[in-house]
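Participant: Supplied in structure tokens, the structure appears directly below.
Read-outs: derived from the displayed coordinates by stated rules, not from any lab. As the structure is a prediction and not an experimental result, all values here were calculated from the model. When we count neighbours, we look across all protein chains shown, and the Cβ atoms used for this are built from the backbone with ideal geometry, even at glycine.
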């Protein structure tokens, strides 16, 4: 395939993906129930506070943290809670904004939402890194095992 054809196909794919993203944000009834038509769809349909509470209790009991490790643990839990609060605030703001007027506005909103999400991940990553640094080898293995299992329980 000629290079120009590859560029055209890649551009068409990128435009199709952008159009699909815009459609996901712009289409639907925006009824406040977190449906597919609502801005950020499934990401806003439920609160994660109960999951965070359960994760906190479960992980803390499994890790058998020492008193010296607790400040790093507390900072990690606080970072996760702050990120979830920021996510909820973004969802609430998206509901208030309603449907975007056009594809560019939809993509602008998606970019802002994803940028905020990336910043939250970076904050959580830093806190988890600090916690991970104070865990012993057995605790690290337990932590890794728990997170591996939790990735399969999303929803």
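Participant: Note the full-extension length gain between residue 108 and residue 82 as 0.36 nm times their separation in residues minus their Cα-Cα distance, in nm to one decimal.
Facilitator: Details: separation 26, 0.36 × 26 = 9.36 nm, distance 2.36 nm.
Full extension from residue 108 to residue 82 adds 7.0 nm.
Participant: What FRET efficiency comes out for the pair residue 140/residue 115, r = Cβ-Cβ distance, R0 = 35 Å, nearest 0.05? Could the numbers behind the result be given before it?
Facilitator: Details: r = 31 Å, r/R0 = 0.87.
So, using R0 = 35 Å, E works out to roughly 0.70.
Participant: Just the number: Rg to Rh for region 46-151, Cα atoms, Kirkwood Rh, two decimals. Before the final figure, lay out the partial values.
Facilitator: Working: Rg = 16.8 Å, Rh = 15.5 Å.
Rounded to two decimals, Rg over Rh is 1.08.
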